[in-house]
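A short worksheet on the structure shown next.
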2 protein chains.
Amino acid sequence: MIKLTEKQQALIERIGIFQEKTGMQPVAGRIVGLLYVSDKPELTFDEIREVLGISKSATSNALNLLQHLNRLDYITYSGDRRRYFRLKLDRWRELVMQEIDSVTEFSATLQEVVAERTKETPEYNRDLLDLADFLKYLHRELPKLMQQWEAQRK
Amino acid sequence: MIKLTEKQQALIERIGIFQEKTGMQPVAGRIVGLLYVSDKPELTFDEIREVLGISKSATSNALNLLQHLNRLDYITYSGDRRRYFRLKLDRWRELVMQEIDSVTEFSATLQEVVAERTKETPEYNRDLLDLADFLKYLHRELPKLMQQWEAQRK
DNA sequence: AGTTTAGTTCTCAAAATTAGGAACCAACAG
DNA sequence: CTGTTGGTTCCTAATTTTGAGAACTAAACT
């Protein structure tokens with residue numbers, strides 16, 4: 001049975017709250033926190049349930065949500081019926097791209113907005129287009145930025 | 001009295017929902033949408049209230065929230081007691097930096113997490129540190145990226 | 001002083017989110 | 001075919017969020 005230190009528990013709560021602020025439900029946020037912090041990075045349904053003191057339904061729903069959000073995975077071992085859930089941490093590059101994608105989508109909406117707007121407010125329209133364009137630029141440049149980062153670290 | 005087209009209303013709803021997904025409350029999200037779309041980019045309290053069909057309390061609370069989030073401003077004209085609310089759109093660069101800041105803050109938590117973690121999971125710890133480091137890198141590089149963007153646009 | 005206007009605050013009800021518990025299902029074990 | 005385990009689903013209650021309405025404040029106008 002898994003036991004957490006005070007510090008670990010505090011970290012889980014902090015991470016949980018951070019995730020909540022990005023729109024995630026509380027239990028899901030804490031599961032993410034737990035998987036960040038836990039010495040074993042692969043936990044079973046019941047380990048998660050037990051250590052966080054939450055119900056089966058909450059656990060099930062949150063795990064499914066996290067899988068939908070592309071944050072979670074599970075692996076199995078033959079002769080063991082349980083799933084071992086883990087963060088898709090090794091794929092964090094995809095995660096970051098995913099976040100930027102949604103922003104870029106918004107950029108398209110901004111362009112639609114400008115297309116609808118009066119032409120009487122040229123500076124305002126320019127600001128909107130600039131923002132939209134920068135977001136797209138950011139989206140395009142992100143892969144390069146990742147490569148640069150790879151290169152510059154020792 | 002301000003009148004919106006169907007298309008404008010639809011855009012406001014779309015923008016509103018997008019904002020909601022980033023954790024903003026519904027009315028605040030729609031106000032942002034309205035100010036993006038409205039031909040007049042500076043609206044009074046009552047214009048906002050009326051065109052969105054919301055109560056004074058909801059309007060007041062949302063406007064204050066948006067000012068706290070650094071998204072809104074207002075200007076006044078002498079001899080007119082009303083405030084003219086507007087998006088701080090011309091400052092979108094700051095906005096973008098602000099968003100990245102909060103991510104960077106999370107990066108510090110990740111480093112704390114790794115400091116607490118067992119050393120028995122070196123790859124996992126490496127992934128965590130990589131992510132944390134990349135987020136900081138992104139934070140540092142963003143200003144440069146903005147400059148590049150300024151330079152490359154015609 | 002009395003009234004109108006711009007906006008705030010308080011109280012409360014409606015609606016949405018969250019999560020517990022129990023019943024359920026499917027796979028495997030004996 | 002019966003029992004156990006891992007996980008899902010359904011129903012419901014508690015909590016939180018949201019926003020309306022009315023009372024209120026403060027400034028400006030008369």
With a 1.4 Å probe on protein heavy atoms only, tell me which residues of segment B:115-133 lose at least 10 Å² of accessible surface in the complex relative to the chain by itself.
B:GLU116, B:ARG117, B:THR118, B:THR121, B:TYR124, B:ASP127, B:LEU128, B:ASP130, B:LEU131, B:ASP133
What does a probe at A:ARG82 reach in segment B:84-121, counting residues whose amide N is under 20 Å from the point 7 Å along Cα→Cβ?
B:118, B:121
Select from B:VAL114, B:VAL27, B:VAL51 the residue whose mean-square fluctuation is largest in a Gaussian network model of chain B (Cα-Cα springs shorter than 10 Å).
B:VAL114
Most mobile listed residue (A:SER78, A:SER38, A:SER60) in chain A, GNM with C-alpha springs under 10 Å:
A:SER78
For a quick check, take a GNM of chain A with Cα springs below 10 Å and name the residue from A:GLU20, A:GLU120, A:GLU112 with the largest mean-square fluctuation.
A:GLU120
Residue-averaged 222 nm ellipticity for chain B, from DSSP H runs of 4+ at -39500 (n - 2.57), nearest 500:
-23000 deg cm²/dmol
So the carbon and sulfur contribution to the accessible area of segment B:3-111, 1.4 Å probe, in percent, is 47
Reduction of at least 40 Å² in accessible surface, 1.4 Å probe, comparing all protein chains with the chain by itself, residues of segment B:72-93
B:LEU89, B:TRP92
Just the C-alpha atoms of chain A: what Rg/Rh do they give, with Rh taken as the Kirkwood radius?
1.12
Which whole-number percent gives the relative contact order of chain B, counting Cα pairs below 8 Å spaced six or more residues apart?
15
If you roll a 1.4 Å probe over the heavy atoms of the protein chains, what accessible area per residue do you get for the protein assembly as shown, in Å²?
55
In Å, the Kirkwood hydrodynamic radius from C-alpha pairs for segment A:1-77 sits at 12.4
Need one number: buried accessible surface between chains A and B, 1.4 Å probe, both sides summed, DNA, RNA and ligands left out, in Å² to 100.
4600
Just to be sure I understand the rule: take each whole DSSP H helix in chain B, project its Cα atoms onto its long axis, keep it if the span is 20 Å or more and its mean Kyte-Doolittle hydropathy is at least 1.0. Which ones pass?
none
Ratio of the protein assembly as shown's C-alpha Rg to 2.2 N^0.38 Å, to two decimals?
1.16
Give the accessible area for A:ASP46 in Å² (nearest 10); use a 1.4 Å probe, count only protein heavy atoms, and leave out ligands, DNA and RNA.
90
With a 1.4 Å probe on protein heavy atoms only, tell me which residues of segment A:9-48 lose at least 40 Å² of accessible surface in the complex relative to the chain by itself.
A:LEU11, A:ARG14, A:PHE18, A:TYR36, A:ASP39, A:PRO41
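The values are calculated or read from the model by the stated rules, or taken from the named source; none is laboratory data. Note that the structure is predicted; figures quoted are calculated from it, not measured. So basically every Cβ, Gly included, is an ideal-geometry build from the backbone, and we count neighbours across all protein chains shown. We work out accessible area using only protein heavy atoms, side chains counted, and drop any ligands, DNA or RNA first. Shrake-Rupley method; radii C 1.70, N 1.55, O 1.52, S 1.80 Å.
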